[in-house]
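Written out below as structure tokens is the structure these notes cover.
Every number in this text was worked out from the coordinates using simple rules, so none of it is lab data. Since the structure is predicted, the reported quantities are computational estimates derived from the model, not experimental observations. When we count neighbours, we look across all protein chains shown, and the Cβ atoms used for this are built from the backbone with ideal geometry, even at glycine.
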Amino acid sequence: MSLNESGKRDGFTSKFGIIAAAAGSAIGLGNIWRFPYVVGESGGGAFLLIYLSFVILLGIPVMLSEFVIGRKAKRNTFGAFKEIAPGTWWPVIGVMGIIAAFVILAFYSTIAGWTLHYVYTSIINGFQGQNTAELTLMFEKFQTSSFLPVFWQLIFIILTAVIILSGVKKGIEKYSKILMPFLLLLLIALSVRSITLPGSFDGLVFLFKPDFSKIDSTVILGALGQAFFSLSIGMGALITYSSYFPSRTNLANTAFEVSIADVIIAILAGIAIFPAMFSLGMQPEQGGAGLIFMVLPNVFMQIPGGYIVSIAFFILLAIAALTSSISIMEVVVAFLVEEFNILRRNATIITAVAAAFVGLFCTLSWGTFENITIGGRNIFDTLDFTASNVLLPLGGLLIVIFVGWYMKYAEVEDEMSNQGALRLKIFGIFRFLVRFIAPVAIAIIFLNAIGII
Ligand code: TRP
């Protein structure tokens, strides 16, 4: 991306393009696949409440911090810290981010591959005439097999690489902005169907009624991990994206808008899933990573035009996954291009091949490699846990310390206010959150989960 034909650094063009690209990064499998099953495993309403407070108090400050760093430095994640803090150890945040990007890309493409397979299954009318148990079995058979999931994963990684290669404006912006409103509409339709199924009310109770007896330190860390994963923060994806923002972008508003959109999509996914689950007689903690693939086909079959709706849904979900995965791959590619002067094309190929290699082990976690476990987690869950619950919060912690304590007050204010062009009413709150609340809270959640506090 670094240089375009006219020798200038490439960038996003319109205001809507910027929000669409950042929202495209945030909104993805994290909202629709990960959120429901993590909520299901973590006890429902109380988890939701904690998750929402983390988004507001910790997530938005981290996101805004990433924007400040990225747009100020106009460099990749690693280079940005070298630029703002030359001769220090801060670029280590960038290194962590690049490792996290790899790990996430590997397991993300597994689930995206499942999504592609479900596009195919929808098209061939593969859900037709199957009851709930049969649909679950069908998913499990697919999940544990060795050829198809790997095949679809590779297709997804190739698609991601192709979009990355077409550059910022033409690629990312074009793909994100048209399609996401459709996903929103479909989710609303699914939610309406889900809550009108018989016996679905308990699902709403589960999702919205807090029961704090289910909360422990692991669940709290899980809520933090989910918030960070879903918002795309903690590893510099948004540092990389904001390095392409023009100088007139209102960073604070963008962070708010993206976070709100992200939360709305996640909650809608919850409303589409839990009422349907209760109506089908499934337990909320059942399903694990396969949850949406087992539950949603049941809902599609009870919708007029369900055949078309299921095709459209899985296609849109795959596209949402793509606009997220390009933001993950872009972190590594921008790093290789800008720091090592590797051609963009070669950097993309290297990244894709490496991600596919690690990704293979993730995808086979339920089949060929099911016996490889670490502390009871298979390969997939181990990588997801390490990235989402360890690397992202740790990255976020360092990022807020960097913006809150290392960068100068005036520097941050200048960047956030577009060199004084905007009046910032929230600057004081932001500063307080970034200096005190966010670092302390993230540190406590960590120490608590490890058992130190
Ligand atoms: N947030 C995306 C989702 O919800 C995934 C994602 C994209 C991501 N970029 C990221 C997660 C950077 C963590 C960090 O699907």
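Near Phe107: Cβ cut-off under 15 Å, other residues only, Lys/Arg at +1 and Asp/Glu at -1. The net charge is 0.
Using the average count of surrounding beta-carbon atoms within 10 Å as a protection proxy, the listed peptides 424-436, 322-334 rank, highest first, as 322-334, 424-436. With a Cα cut-off of under 19 Å and a minimum spacing of 8 residues unless on different chains, the lysine pairs in the chain number 18. What fraction of the Cα pairs in the range 15-449, stated in percent, has a spacing above 35 angstrom? For the range 15-449, the fraction of Cα-Cα distances above 35 Å is 24 percent. Averaging Cα coordinates gives a centre for the range 194-269 and one for the range 346-372; these two points are 27 Å apart. Remark: the range 335-390 carries a charge dipole of roughly 160 debye about the Cα centre, counting +1 on each Lys and Arg Cβ and -1 on each Asp and Glu Cβ.
The fewest-to-most ranking of Asp262, Asp216, Asp381 by surrounding Cβ atoms within 10 Å reads Asp216, Asp381, Asp262.
To the nearest ten degrees, helix 217-231 and the longest principal axis of the Cα atoms of the chain are 70 degrees apart. By the count of neighbouring beta-carbon atoms within 10 Å, fewest first, Phe102, Phe147, Phe16 end up ordered Phe147, Phe16, Phe102.
Each 10 Å bin from 0 upward holds the following percent of the Cα-Cα pairs of the range 1-155: 8, 23, 30, 24, 11, 3, 0.
Each Lys and Arg Cβ is given +1 and each Asp and Glu Cβ -1; about its Cα centre, the chain then shows a dipole of about 1140 debye.
Using C-alpha pairs below 8 Å separated by at least 6 residues, the relative contact order for the chain is 34 percent. Sorting the segments 385-392, 297-304 by their mean number of nearby beta carbons within 10 angstrom, highest to lowest, gives 385-392, 297-304.
If you rank Ser42, Ser200 by fewest surrounding Cβ atoms within 10 Å, what's the result?
Ser200, Ser42
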